[in-house]
Amino acid sequence: MKNQSGDIRDKTSLTGEEVVQLNFINDSGKYYFRKHNRQGMRSHVLEVLSTEDILRETNGEIVDGIRLYPRAVPKYMLRILRNRFTTLQETLDEIKTYHLVLKFLEAECIALSNEFVVDYTSTGKSKIVLCGLQEYVHGAILDPWGFVGETPLATFYQSRFPREKFHEKSIRKARDSIATFVARMRKMITESGYVTDLAGNGNLILTGAGDIKLVDINNIIKVSLDSSR
């Protein structure tokens, strides 16, 4: 049994070294866990990287006679929720909210995740913990309130992807993706009465190809209308 001091649900962050000590993690040596720079409000978020890619990042590789140090790109994102579930049904209800969002936004607009329940025993007692192995989305943070200029999407791409060539096709795709996302979100609010957190820093990602993705999939709340509506 692996030992670890403290309850991970009480900690503000986890290191990769702490993650491999968790009883439900099988440390095969093939993958390396690294704390993601944007932690979730309700969960620990870690990059799952190939050990080979980490070695190239650390030791470098020779390309055309020049030693380069390519940044390792995550294969997946691991989320460990801090929620204190008391019953399995509570955990399954939490998973249902993810599937609710997936139903309305569909795969094109959400970072897909495989949700799984684990028996967390590192504190000496058996506890229910919900985790997710999530799709990694490579792109730039989309701040809906931060668009500037007469051509905001073109400005966005020029500033966020300065080293990549983009075309009007990418901008049109982004415009269409955003319109689709908004329409599906409105439908979810109207038909289900739930809404996801869209204002958090890093919750929405826009890719170089023009796809918008919701990556913070756990902050889902019931819509509450005040007396003025």
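Could you give me the ³J(HN,Hα) list for region 116-121, computed from phi with Karplus coefficients 6.51, -1.76, 1.60 and θ = phi - 60°, whole Hz, x at Gly and Pro?
So the Karplus estimates, Gly and Pro as x, are 8, 9, 10, 9, 8, 10 Hz.
Taking the Cα-to-Cβ direction at ASP119 and at ILE189 and moving 7 Å from each Cα, how far apart do the two end points lie in nm?
My value for the distance between the label points is 4.4 nm.
Which whole-Hz ³J(HN,Hα) couplings does region 181-193 yield from phi under the Karplus relation 6.51 cos²θ - 1.76 cosθ + 1.60, θ = phi - 60°, glycine and proline marked x?
4, 5, 4, 6, 5, 4, 5, 5, 4, 5, 8, 10, x
Can you run phi through the Karplus equation (6.51, -1.76, 1.60; θ = phi - 60°) for region 69-76 and list ³J(HN,Hα) in whole Hz, with x for Gly and Pro?
With the stated coefficients, region 69-76 comes to 10, x, 5, 5, 9, x, 7, 8 Hz.
For region 93-199, which trypsin sites (Lys or Arg not before Pro) are in a loop by DSSP, counting at most 10 other Cβ atoms within 10 Å?
LYS125, ARG163, LYS165
Rounded to the nearest 0.05, what FRET efficiency do ASP93 and ASN201 give with R0 = 30 Å and r taken as the Cβ-Cβ distance? Could you check?
Working from the Cβ atoms, E equals 0.65.
With a Förster radius of 30 Å, plug the Cβ-Cβ distance of ASP143 and ASP7 into 1/(1 + (r/R0)^6) and report the FRET value to the nearest 0.05.
About 0.30, to the nearest 0.05.
Tell me the mean residue ellipticity at 222 nm calculated for the chain from its helices only (DSSP H runs of n ≥ 4, each -39500 (n - 2.57), averaged over every residue, nearest 500).
Helices in the chain give a 222 nm mean residue ellipticity of -9000 deg cm²/dmol.
How much length is gained if the chain between VAL223 and GLU17 is pulled fully straight, taking 0.36 nm per residue apart and subtracting their Cα-Cα distance, in nm to one decimal?
Length gained, VAL223 through GLU17: 70.3 nm.
At most 14 other Cβ atoms within 10 Å and a DSSP loop assignment: could you name the GluC sites (Glu not before Pro) in region 151-213 that fit?
Sparse-neighbourhood loop GluC sites (Glu not before Pro): GLU164.
Averaging over every viewing direction, what projected area does the convex hull of the Cα atoms of region 140-222 cover, in nm²?
5.6
Here, each number is a calculation from the coordinates, and none is a lab measurement. These figures come from a predicted structure and were not determined experimentally. Please note: Cβ atoms are built from the backbone with ideal geometry, for glycine as well, and neighbour counts cover all protein chains shown.
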